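The values are calculated or read from the model by the stated rules, or taken from the named source; none is laboratory data. Keep in mind the model is a prediction, meaning the values are calculated, not measured. Note: ideal-geometry Cβ built from the backbone for every residue, glycine included; neighbour counts use all protein chains shown. The area values use the complete protein model at the heavy-atom level, side chains included, leaving out ligands, DNA and RNA. Shrake-Rupley method; radii C 1.70, N 1.55, O 1.52, S 1.80 Å.
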Amino acid sequence: MKKIEAVIFDLDGVIVDTAIFHYQAWKRLANEMGFDLTPEQNEHLKGVSRFESLEIVLEIGKINHLSEKEKEEIATKKNEWYRENILKMTTDDILPGVHLFLEKLKSANYKIAIGSSSKNASTILERIGYSTYFDAVVDGTKINYSKPNPEVFIKAASELEANPKNCIVFEDAAAGIEAAINAGMKSIGVGKPDILYKANIVIPDLKNLDIAIFDKLIEH
Ligand code: BG6
Ligand code: MG
């Protein structure tokens, strides 16, 4: 990478802490079906679509007798529980350091996008005052394949008219880092290095983050 054209952000777990709401809802569903979901198992649900997540949860619980209709019903139930939480969100729920860093990017004329597997992305962006803030939003309603497939990030780059090679992705999910690699992009993992070890750099959060971090990704 010689020059950075655009920066693509995952939403759940990077911009806002909705990853915990997803976990709580899946855990509640698992508990209703008679089993538990550990934080380690939950890592496999991050970044993947609602239905793929459901399949993973059912596999963990060794539940293999459900019809497609029953699966649809429980995925809907999970989504309703999840939406009860996101509908209460406000601008105060933007994670620490995020807004300041986004403002720095905008001032320095970087193009910014959201690349999320979620079909609830527009609701969240509206709740936190970011409906029109990003130059592009590619979410679960615009893609056929969720992360680790690169589609979401390739589409975001295309909407920004940026070369994928010159894009940086911020991600909290292992599947999202894989998607960035599959898209030919550099990645910054937000979270724990043992989970995000395939990222180019891992940071705990966006607090006090400066654009100078990109220097570590540029080949001089
Ligand atoms: C991703 C989350 O952003 O969106 C996943 O990391 C979630 O955990 C996926 O399953 C789909 O979200 P939704 O809101 O469409 O159910
Ligand atoms: Mg995420």
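Within segment 80-99, which residues are of a type outside the set (Gly, Ala, Ser) and touching a residue at least 40 places away in the same chain (Cβ under 8 Å)?
The answer is Trp81, Tyr82, Arg83, Asn85, Ile86, Leu87, Met89, Asp93, Ile94, Leu95, Pro96, Val98.
As an exercise: evaluate Ser158 against (1) among the polar types (S, T, N, Q); (2) without any contact (Cβ under 8 Å) to a residue 24 or more places away in the chain; (3) crowded, with 23+ Cβ neighbours inside 10 Å and give the number of the one condition it does not meet.
(3) is the only condition that Ser158 fails.
Give the residue, chosen from Ala212, Ala175, that is over 28 Å from Ala75 (Cα atoms) and assigned to a helix (DSSP H, G or I).
Just a single option satisfies the conditions, and that option is Ala212.
If a residue must be of a type in the set (A, V, I, L, M, F, W, C) and in a helix (DSSP H, G or I), how many such residues does segment 45-89 contain?
Selection size over segment 45-89: 10.
Hey, any hits in segment 108-119 for a residue that's touching a strand residue (DSSP E or B) at 6+ places or on another chain (Cβ under 9 Å), open to solvent by less than 30 Å² (accessible area, probe 1.4 Å) and away from ligand 1 (no atom under 13 Å from the Cβ)?
yes
Only residues that are of a type in the set (A, V, I, L, M, F, W, C), over 19 Å from Leu45 (Cα atoms), without any contact (Cβ under 8 Å) to a residue 60 or more places away in the chain and buried (at least 18 other Cβ atoms within 10 Å of the Cβ): list them for segment 175-202, please.
Those that are of a type in the set (A, V, I, L, M, F, W, C), over 19 Å from Leu45 (Cα atoms), without any contact (Cβ under 8 Å) to a residue 60 or more places away in the chain and buried (at least 18 other Cβ atoms within 10 Å of the Cβ): Ala183, Ile188, Val202.
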